[in-house]
Every structure is written in C-alpha cells, then in structure tokens.
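The values are calculated or read from the model by the stated rules, or taken from the named source; none is laboratory data. It should be emphasised that the depicted structure is a prediction, and the values quoted were computed from it without experimental measurement. Here the Cβ positions follow ideal geometry from the backbone for every residue, glycine too, while neighbour counts run over all protein chains shown.
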Amino acid sequence: MLAKQYEITLPADYDLAVIRRRIEAGAPLLDDRPGLGLKAWLLRERGADGSPVNQYAPFYVWRSDGAAARFLVGGGGFENIVRDFGRPTVRHWTVLAHFSGPARAAVPVPPVATRRLSTVPTDPDPLALAAHVERATEEVRELARHPEVHTAVLALDPDRWELLRFVLRTAVPAAPDDPAAPDGSTAVFRVPHLSAPELSALPEGRAW
C-alpha cells in the first residue's frame, strides 16, 4: 500500500467555492477507481481550525502500485491538476498499518481529517527503528478504537525518515488526553468528499 498527498496552496483571498465545485465534479471519476483504497478530498481554510493558509491537499491510499502510477503519469487524472495549477510535489509514504474505526459503518463521509508528521528518532541501535514503529502502531491501533474515528493510517517516508499518522474522524479532536488533538505537528483538514472504492479491501492492522 502506498499513501500519497500533494498540497496546492492558494491565495488568501481565493474563493474556496471554486475548489468545492471542482471536487463535486471530479469525485465521481474516482469513486470507483480500481486499485484505490481511498482518496480524501481535503481542504484547509485560512483562519479555520488553526490553518494559516487556504489549501487543497488530497490524500490517497492506493492498494495497487500500478494504479497509482497510472494516475500520476498514465492519463489517470493527475494531468488535470498539472493543467490547472502546475505540477506539484507529491509526497509518498509506505503504509505500515491501517485500522478501521467504529465510525466507519455509520459515517460514509467523515467531515474531518488530521495529519500528524513526526521525525523518527536517530539511534545507533539497528533495532530501535522497529521498536519505535511498533510503539507508533500500537498508538494508532488504540486511537482507532475511539468512537469518532472512521479510519486511521500509519505510514513511513524513508527519505525524510518521518512517520505520518492520518485519521479520518467525525469531529476535530480537542481533549488534552487525545493523542490526535491538534498541536504544532498536526494539520486539520475538512473532507468535502471521500472516494473509497476499495477501502474495505485494505488489509486491517499492521502491513509488515
């Protein structure tokens, strides 16, 4: 499984209704895309949920490497982004774990997503990375048991050595004891639409 995200940062006075109309028109094209676990059509609005910017930042989890490649370079849809906004940098992560939460059965499109990036600690012990990832996996497993969680994903960028924790949920977490509560490393996005053609087929639990 591969996770991908690109971020289109927009002017402060940009009318986000334009992006919402874009999502409404484009979503059906990916609602049944083979090889795609999910695409969360994400928006951040300047001044809302602590966001400093207006931003369109779709997040994908692909079951198939080939389907992901076709999307990017084979005329599978990414050319529309390039045409309208230029070619953005696309972040890639290897998915380490995926968990379904209690809200998945009841909430087809959760309204909120959180994304937390954290640096993997440097340690000369070759087993330290595995131990760190094991702890992070268990944290995400526990987080996914919260009633408001729809889907939780843990993934690794081995270029920057960063862990990604991506959570779809029914409300912005605010409790101090909630590990997904926003902090300096957590971004909050609104989810106008969720394309989830093969979400139920994603392996549950750790992926290695």
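Structure notes:
- Note on segment 9-46: residues that are among the aliphatic types (A, V, I, L, M), surrounded by fewer than 17 Cβ atoms within 10 Å (Cβ to Cβ) and within 21 Å of Arg70 (Cα to Cα) amount to 3.
- Where a residue in segment 69-81 is more than 18 Å from Ala57 (Cβ to Cβ) and free of Cβ contacts under 8 Å to residues at least 60 places away in the same chain and its partner, wherever it lies, is assigned to a helix (DSSP H, G or I) and charged (D, E, K, R), with Cβ under 6 Å and at least six apart: Gly76/Arg70
For (1) modelled with pLDDT of 95 or more; (2) closer than 30 Å to His132 by Cα; (3) of a type in the set (A, V, I, L, M, F, W, C); (4) within 12 Å of the chain's Cα centre (by Cα), each residue gets a yes or a no:
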{"site": "Tyr6", "(1), (2), (3), (4)": "yes, yes, no, yes"}
{"site": "Leu16", "(1), (2), (3), (4)": "yes, no, yes, no"}
{"site": "Arg33", "(1), (2), (3), (4)": "yes, no, no, no"}
{"site": "Pro88", "(1), (2), (3), (4)": "yes, no, no, no"}
{"site": "Ser100", "(1), (2), (3), (4)": "yes, yes, no, no"}
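- Among residues that are among the charged types (D, E, K, R), at pLDDT 95 or above, touching an Asp or Glu at 6+ places or on another chain (Cβ under 8 Å) and crowded, with 19+ Cβ neighbours inside 10 Å, Arg115 is not included.
- Candidates Ala128, Ala174, Ala113, filtered to the one that is of a type in the set (Gly, Ala, Ser) and under 25 Å from Pro203 (Cβ atoms): Ala113
- Residue in segment 53-61 that is of a type outside the set (Ser, Thr, Tyr), closer than 15 Å to Arg190 by Cα and surrounded by fewer than 21 Cβ atoms within 10 Å (Cβ to Cβ) present: yes
- Among the residues of segment 124-173, those identified as under 24 Å from Ala57 (Cβ atoms) and part of a loop (DSSP other than H, G, I, E, B) are Ala144, His146, Glu148, Pro158, Asp159, Arg160, Trp161, Thr170, Ala171, Val172, Pro173.
- Selection status of Ala181, in a loop (DSSP other than H, G, I, E, B), out of contact with any strand residue (DSSP E or B) (no Cβ under 9 Å at 6 or more places or on another chain) and either surrounded by fewer than 19 Cβ atoms within 10 Å (Cβ to Cβ) or at pLDDT 95 or above (or both): no
- Of everything in segment 135-159 that is charged (D, E, K, R) and surrounded by 12 or more Cβ atoms within 10 Å (Cβ to Cβ), the residue that is nearest to Ser51 (Cα to Cα) is Glu148.
- Sole exception among (1) loosely packed, with under 12 Cβ neighbours inside 10 Å; (2) modelled with pLDDT of 95 or more; (3) among the aliphatic types (A, V, I, L, M) for Leu199, by number: (1)
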